[in-house]
Structures are given as structure tokens and as C-alpha cells.
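Just below is one structure, and these are the notes that go with it.
The values are calculated or read from the model by the stated rules, or taken from the named source; none is laboratory data. Bear in mind the structure is a predicted one, so any value in this text is a computation, not a measurement. Glycine gets a Cβ as well: all are built from the backbone with ideal geometry, and neighbour counts include every protein chain shown.
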Amino acid sequence: MMEDCLFCKIISKQIPSDMVFENGEIVAFNDIHPKAKTHILIVPKKHIPTINDLNENEEDEILVGKMMLVARDIAKQKKLSGYNLVFNVGKSAGQIIFHIHLHLMSNG
């Protein structure tokens, strides 16, 4: 956990959020600046700055896979007719918070 990371502070409940999912490894909450009718961020509790910082090991591979499955399950629960899943990687790609997160977005 990084002391100055906004998402780490949300994970540790130092900052409130509109949480839609939490387990031992992942949290998901509504984006405070939504770009779609539904815009949820799926965030691992493990602090990893960008996708480029993932380790090539089974632990990180499984974690990213679990993030995708959480997104799928939330989409099913919300009965979304279609949705987009997006990782922004790096500042030039629009990443603002340097703690990996998957955007689940839908207008349907």
C-alpha cells in the first residue's frame, strides 16, 4: 500500500467511496467522474502502478484474470446489455491514478 495513493486510501477506507464489490483481493466502486451511465472501477488491493509494472508470475496473472471476472459478474448483476472494459496505461493514455484499475463502462 502506498501512503499517497488515492486508491490505496479508498481500499483502506480512509476515503469513502460508493463500493459495489469487495473481496480479499479486489474492490470495485463507482467512478466519481463517470464517462458512461455505468462507470465502475475494478481495483486490486495490491498496489501496482501500471499494467507495465505487473510481474510475469502466476500471482499477478491470476489477479488480472480475477479483475476481469469481477467485471463480468458486476455486469451480469447490473443486467448490462453490453459494456466496455478498459485499462489506461500511462499518463499519455489517460491514466490519472497510478494504481492499476479496470474501467467497466456501459450506456445500456
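The table that follows gives values for the structure above.
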{"quantity": "Selection status of Ile26, in contact with a Lys or Arg (Cβ under 9 Å, 6 or more places away or on another chain) and in contact (Cβ under 8 Å) with a residue 60 or more places away in the chain", "calculated": "no"}
{"quantity": "Residues that are buried (at least 16 other Cβ atoms within 10 Å of the Cβ), part of a helix (DSSP H, G or I) and not aliphatic (A, V, I, L, M), drawn from region 28-83", "calculated": "Asp60"}
{"quantity": "Test set (1) in contact with a Phe, Trp or Tyr (Cβ under 7 Å, 6 or more places away or on another chain); (2) touching a residue at least 12 places away in the same chain (Cβ under 8 Å) - Met19 fails condition number", "calculated": "(2)"}
{"quantity": "The lone exception for Val86 - which of (1) β-branched (Val, Ile, Thr); (2) out of contact with any strand residue (DSSP E or B) (no Cβ under 9 Å at 6 or more places or on another chain); (3) free of Cβ contacts under 8 Å to residues at least 40 places away in the same chain it fails", "calculated": "(2)"}
{"quantity": "Filtered residues of region 27-46 (kept if under 10 Å from the mean Cα position of the chain (by Cα) and more than 12 Å from Met105 (Cβ to Cβ))", "calculated": "Val27, Ala28, Phe29, Val43, Pro44, Lys45"}
{"quantity": "Checklist (1) modelled with pLDDT under 95; (2) touching a Gly at 6+ places or on another chain (Cβ under 7 Å); (3) not acidic (Asp, Glu) applied to Asn57, failing item", "calculated": "(2)"}
{"quantity": "Which numbered condition Met68 fails, given (1) over 14 Å from the mean Cα position of the chain (by Cα); (2) farther than 23 Å from Lys9 by Cβ", "calculated": "(1)"}
{"quantity": "Subset of region 46-62 [under 17 Å from Ser12 (Cβ atoms) and either of a type in the set (Val, Ile, Thr) or in contact (Cβ under 8 Å) with a residue 40 or more places away in the chain (or both)]", "calculated": "His47, Ile48"}
{"quantity": "Filter pass, His103 being in contact with a His (Cβ under 6 Å, 6 or more places away or on another chain) and either exposed (fewer than 12 other Cβ atoms within 10 Å of the Cβ) or touching a residue at least 24 places away in the same chain (Cβ under 8 Å) (or both)", "calculated": "no"}
{"quantity": "Boolean, Lys13 is touching a helix residue (DSSP H, G or I) at 6+ places or on another chain (Cβ under 8 Å), of a type in the set (Lys, Arg), free of Cβ contacts under 8 Å to residues at least 40 places away in the same chain and farther than 22 Å from Met105 by Cβ", "calculated": "no"}
